[in-house]
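What follows is a short report on a single structure.
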Protein chains: 2
Amino acid sequence: MSSPIRLGIAGLGTVGTGVVKIVRQKTQLLTARAGRPIEIAAVSARTREKDRGVSISGYAWEDDPVALATRDDVDVFVELMGGSDGPAKAATEAAIAAGKHVVTANKAMLALHGHALALAAEEAGVVLRFEAAVAGGIPVVKALTEALAGNEMTRVMGVMNGTCNYILTRMQASNLPYEEVFEEANQLGYLEADPTLDVGGIDAGHKLALLAAIAFGAQVDFGGVALEGIEKITIDDIKQADDMGYRIKLLGVARMTGRGLEQRMSPCLVPKKSPLGQLDGGTNMVVLEGDEVEQIVLRGPGAGMGPTASAVMGDVIDIARGFRVSTFGQPASTLTAASQASTATPVPYYLRMALHDKPGALAKVATVLGDAGVSIDRMRQYRHKDATAPVLIVTHKTAPAALEDALAAMSQLDVLASSPVALRIESV
Amino acid sequence: MSSPIRLGIAGLGTVGTGVVKIVRQKTQLLTARAGRPIEIAAVSARTREKDRGVSISGYAWEDDPVALATRDDVDVFVELMGGSDGPAKAATEAAIAAGKHVVTANKAMLALHGHALALAAEEAGVVLRFEAAVAGGIPVVKALTEALAGNEMTRVMGVMNGTCNYILTRMQASNLPYEEVFEEANQLGYLEADPTLDVGGIDAGHKLALLAAIAFGAQVDFGGVALEGIEKITIDDIKQADDMGYRIKLLGVARMTGRGLEQRMSPCLVPKKSPLGQLDGGTNMVVLEGDEVEQIVLRGPGAGMGPTASAVMGDVIDIARGFRVSTFGQPASTLTAASQASTATPVPYYLRMALHDKPGALAKVATVLGDAGVSIDRMRQYRHKDATAPVLIVTHKTAPAALEDALAAMSQLDVLASSPVALRIESV
């Protein structure tokens, strides 16, 4: 039996407590699988005294996470505090500098500082792993970094914010408007303190940037993610997309194109019979496409004590087993500086608009689209309500510039009752 | 840059050719990711001269796979010949004895000899990996062995034979009987030379036994898999299951129960709105359930050149990166001898029968079920055809013994036009 591997855990919220529980309750299982005992040497959190449902009295205590991260009796620093900067980053840097491996669930820190931290880890000869940072219990970082390493990845997609998917599917099921379901989610405690992190797509955007870095061998570039939230999605959009055979999802899509790395996190339409279209509630899903493997779909819980702690333990066990893999799948020094794609890949678009009840209104819209080079695949006009007629259009593949031209020209027409909504349709 | 890792590839069929192509075409990508060049030192196959769409002239040739496996310039023996015994096994044993790592796609060999081979590999200090043996390109072995290693697994399920799933979904879509779709699949070349391997559930059973060994820390025990094929499934079963809200799948289910390890590969009903129920065509799906992670669903291509070669390369890259993990996730010497569950876990059952057109027929059946302790959840009687009336029953959870009693008692009744069909309903 090899010597024990000793953890220093900073942050004893839901996930930290979950990790402590697993280490305490599964001694034998973990030892058998890791090939050596996994022990907790020391912990750190905001409050020492607090009923966590598990005792931490047997572990050394540090008020300061940096002190924890650099203790002689810590082999792996487990960072579960959160926050992109501040103590989490300071302690992670200190751990790396002190030659400790790091396991973190901190997507914000890695999305913003992942490249620098990966370089530092490499320099120090330690590993920095982050399975729990992306899609909770779904082993997507491992699948991409290791299992699919023989592939040129072609596209990575994901529904990676359970709260947004809850809101969108609840709107669909209950026929309630966005504001009401948002409030409901808030009452249920599903939203971050700053809800923009969820509904603005930031949280999911962090995760997408991390996956894109691995998939395309690029330095993680959260700033390059085109972000659009779900706040503008109406119950009409949801119903009418349904009518055309689609579901609306806050979907992350990353592709390496001839124009550079394209990363988008935005509400998109997907076919309702596809795995993404069928994903209801708070569950996450990631779709990995590569030139050899075609398409792999991974589905599972994106949050919660058990699933996230499971992901942390997967990384810890890898380290205990002696596995040393680069943070983003290849030496950080070889990752290319991200060159952000100048324009988005052409896709079909869904357009929703309300036309004034005037003769020739639809003809004017159709003419404007045609003049801009936007070709119509399907169109539906619904019965008038309030002297305006809802019109839905699904286009053929359209370059974003052509779409923008068409939308600009439409705004000059006198037939639109309000600004049209345009959503990308992602094929799956 | 570290020294190259050198492969000896035995078997140049679809998968072997796919591996050669990846190694030849992705030199730079593989070197970056593996941290060292991946090279092919030597190959072996039944025929040397054959147009494979890729040149093998730059590699040493061995007629004898054992000679290939033991060459001084081979670091990793890649076994892609197939066959549970014979040359594949001899060469794998020789490779291990010679201190070579082994990567194989050979589910039959591992299902029958996996424990002995894992022990030998451990003894020799080499690794034996088999991602490509289970569900093609889906990284399920890695997910289970590594990512979910912090979980007590509770259930592993899978649709892992694309041909069977093709036949069943094609029957559903085309309304054609089993025999006709079987013949169609045969014409399309979807079936193994011995089709019982597919439709009898043997191939999928091999895969289930491998996953069960990892999930439950048991010595792989293919003999303990209760096998039932899809030959008895009629178009009526498919239509009537649909009517009750279900799809029929050749489903593998493994559980560790108080009564021992339960492994079943049999046609089961699953809710048609579940991920398994929605799986059409040749695609595979594996569902992994653990006490922490809840449920992870993995979906992807279960066969084909690219996907299977992708899985082989994942294992090769792991080895090149220096990862050394036990074949079944813990030292083979610590795997428990499988104790086969004496009885199956109680589940709801679907019963289909044809009753003679006699007064009181249904009452007799209901009485027999009640007397045996089988409780009815739902029942439908359809319009008579040919003087018999099709009757469908969905039971509440029923112990197999109670069901057998009921079926035995029914066979004594004078109201059944033929033997009833009983299928398990697996909750997902």
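Output the residues belonging to region A:147-168 that are out of contact with any Pro (no Cβ under 9 Å at 6 or more places or on another chain) and over 13 Å from A:PRO267 (Cβ atoms).
A:ALA149, A:GLY150, A:ASN151, A:GLU152, A:MET153, A:THR154, A:ARG155, A:VAL156, A:MET157, A:GLY158, A:MET160, A:TYR166
Exactly one residue out of B:GLY158, B:GLY200, B:GLY205 is in contact with a strand residue (DSSP E or B) (Cβ under 8 Å, 6 or more places away or on another chain), surrounded by 19 or more Cβ atoms within 10 Å (Cβ to Cβ) and free of Cβ contacts under 8 Å to residues at least 40 places away in the same chain: that is B:GLY200. Out of curiosity, is B:LEU251 closer than 23 Å to B:THR395 by Cβ, crowded, with 24+ Cβ neighbours inside 10 Å, away from every other protein chain (no Cβ under 14 Å) and in contact with a Cys (Cβ under 9 Å, 6 or more places away or on another chain)? Yes: the conditions hold for B:LEU251.
Mind checking whether some residue in region B:159-179 is among the polar types (S, T, N, Q), within 11 Å of chain A (Cβ to nearest Cβ) and outside any helix (DSSP H, G or I)? No, region B:159-179 has no match at all.
Here is a yes/no grid of residues against (1) over 28 Å from the mean Cα position of the chain (by Cα); (2) touching a residue at least 12 places away in the same chain (Cβ under 8 Å); (3) crowded, with 17+ Cβ neighbours inside 10 Å; (4) away from every other protein chain (no Cβ under 14 Å):
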| residue | (1), (2), (3), (4) |
| --- | --- |
| B:THR14 | no, yes, no, no |
| B:THR27 | yes, no, no, no |
| B:ILE40 | yes, yes, yes, no |
| B:GLU49 | yes, no, no, yes |
| B:ASP63 | yes, yes, no, yes |
| B:LYS100 | no, yes, yes, yes |
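Every residue in region B:276-308 that is hydrophobic (A, V, I, L, M, F, W, C), assigned to a loop (DSSP other than H, G, I, E, B) and within 19 Å of B:LEU251 (Cα to Cα), please. Within region B:276-308, B:LEU276, B:LEU279, B:ALA303 qualify.
Scanning region B:141-158 for residues that are farther than 18 Å from B:ASN106 by Cβ and in a helix (DSSP H, G or I) turns up B:ALA143, B:LEU144, B:GLU146, B:ALA147. Quick check on region A:52-60. Is at least one of its residues farther than 30 Å from B:ARG299 by Cα, crowded, with 24+ Cβ neighbours inside 10 Å and in contact with a helix residue (DSSP H, G or I) (Cβ under 6 Å, 6 or more places away or on another chain)? No; the residues of region A:52-60 include none that is farther than 30 Å from B:ARG299 by Cα, crowded, with 24+ Cβ neighbours inside 10 Å and in contact with a helix residue (DSSP H, G or I) (Cβ under 6 Å, 6 or more places away or on another chain). When the residues of region B:218-235 are filtered to those that are part of a helix (DSSP H, G or I) and small (Gly, Ala, Ser), which remaining residue is farthest from the other protein chains (Cβ to nearest Cβ)? Checked region B:218-235; the qualifying residue farthest from the other protein chains (Cβ to nearest Cβ) is B:GLY223.
Within region B:102-115, if we keep just the residues that are in contact (Cβ under 8 Å) with a residue 40 or more places away in the chain and crowded, with 24+ Cβ neighbours inside 10 Å, the residue that is nearest to B:GLN263 (Cα to Cα) turns out to be B:ALA111. Would you point out the residue of region B:114-129, among those that are closer than 15 Å to B:LEU210 by Cβ and either under 18 Å from the mean Cα position of the chain (by Cα) or not aliphatic (A, V, I, L, M) (or both), that is nearest to the other protein chains (Cβ to nearest Cβ)? Out of the qualifying residues, it is B:ARG129.
Looking across region B:254-298, the residues that are within 12 Å of another protein chain (Cβ to nearest Cβ) and either among the acidic types (Asp, Glu) or on the phi > 0 side of the Ramachandran plot (or both) come down to B:ASP280, B:GLU289, B:ASP291, B:GLU292, B:GLU294. Screening B:LEU227 against (1) touching an Asp or Glu at 6+ places or on another chain (Cβ under 9 Å); (2) surrounded by fewer than 24 Cβ atoms within 10 Å (Cβ to Cβ) leaves a single unmet condition, (1). Any residue at all in region A:345-354 that's over 30 Å from A:LEU112 (Cβ atoms) and among the β-branched types (Val, Ile, Thr)? Scanning region A:345-354, I find no residue that is over 30 Å from A:LEU112 (Cβ atoms) and among the β-branched types (Val, Ile, Thr), so the answer is no.
Quick grid of which residues meet (1) outside any helix (DSSP H, G or I); (2) modelled with pLDDT of 95 or more; (3) not aliphatic (A, V, I, L, M); (4) not assigned by TED's automatic domain parsing to the domain that holds B:GLU79:
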| site | (1), (2), (3), (4) |
| --- | --- |
| B:ILE9 | yes, yes, no, no |
| B:THR17 | no, yes, yes, no |
| B:LYS21 | no, yes, yes, no |
| B:ARG24 | no, yes, yes, no |
| B:THR31 | no, yes, yes, no |
| B:GLU39 | yes, yes, yes, no |
| B:ALA42 | yes, yes, no, no |
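Only one of the numbered conditions (1) more than 30 Å from B:VAL141 (Cβ to Cβ); (2) within 14 Å of chain A (Cβ to nearest Cβ) is violated by B:ILE317, and that is (1).
Contact map, region B:286-315: residues that are among the hydroxyl-bearing types (Ser, Thr, Tyr) paired with residues that are in a helix (DSSP H, G or I) and at pLDDT 95 or above, Cβ distance under 6 Å, separation 6+ or inter-chain. Pairs shown: B:THR308/B:VAL15; B:THR308/B:ALA132. Taking A:ALA215, is it within 14 Å of chain B (Cβ to nearest Cβ), assigned to a helix (DSSP H, G or I) and either within 18 Å of A:LEU298 (Cα to Cα) or of a type in the set (Lys, Arg) (or both)? Criteria met by A:ALA215. Look at (1) closer than 30 Å to A:PHE77 by Cα; (2) surrounded by 24 or more Cβ atoms within 10 Å (Cβ to Cβ) and you find that A:VAL270 fails only one, number (1).
B:MET305 satisfies every condition listed in (1) more than 22 Å from B:ALA422 (Cβ to Cβ); (2) surrounded by fewer than 21 Cβ atoms within 10 Å (Cβ to Cβ); (3) at pLDDT 95 or above; (4) over 23 Å from the mean Cα position of the chain (by Cα) except (4). Among the residues of region A:334-350, some residue qualifies, meaning at least one is at the interface with chain B (Cβ under 7 Å from one of its Cβ atoms) and within 30 Å of B:ARG324 (Cα to Cα).
Residues that are out of contact with any Gly (no Cβ under 8 Å at 6 or more places or on another chain), within 11 Å of another protein chain (Cβ to nearest Cβ) and not small (Gly, Ala, Ser) within region B:130-156 comprise just one, B:VAL141. Considering region B:65-86, the residues that are among the acidic types (Asp, Glu) and under 20 Å from B:ILE5 (Cα atoms) include one that is farthest from the other protein chains (Cβ to nearest Cβ), namely B:ASP72.
The values are calculated or read from the model by the stated rules, or taken from the named source; none is laboratory data. As the structure is a prediction and not an experimental result, all values here were calculated from the model. Backbone-built Cβ (ideal geometry, glycine too); neighbour counts: all protein chains shown.
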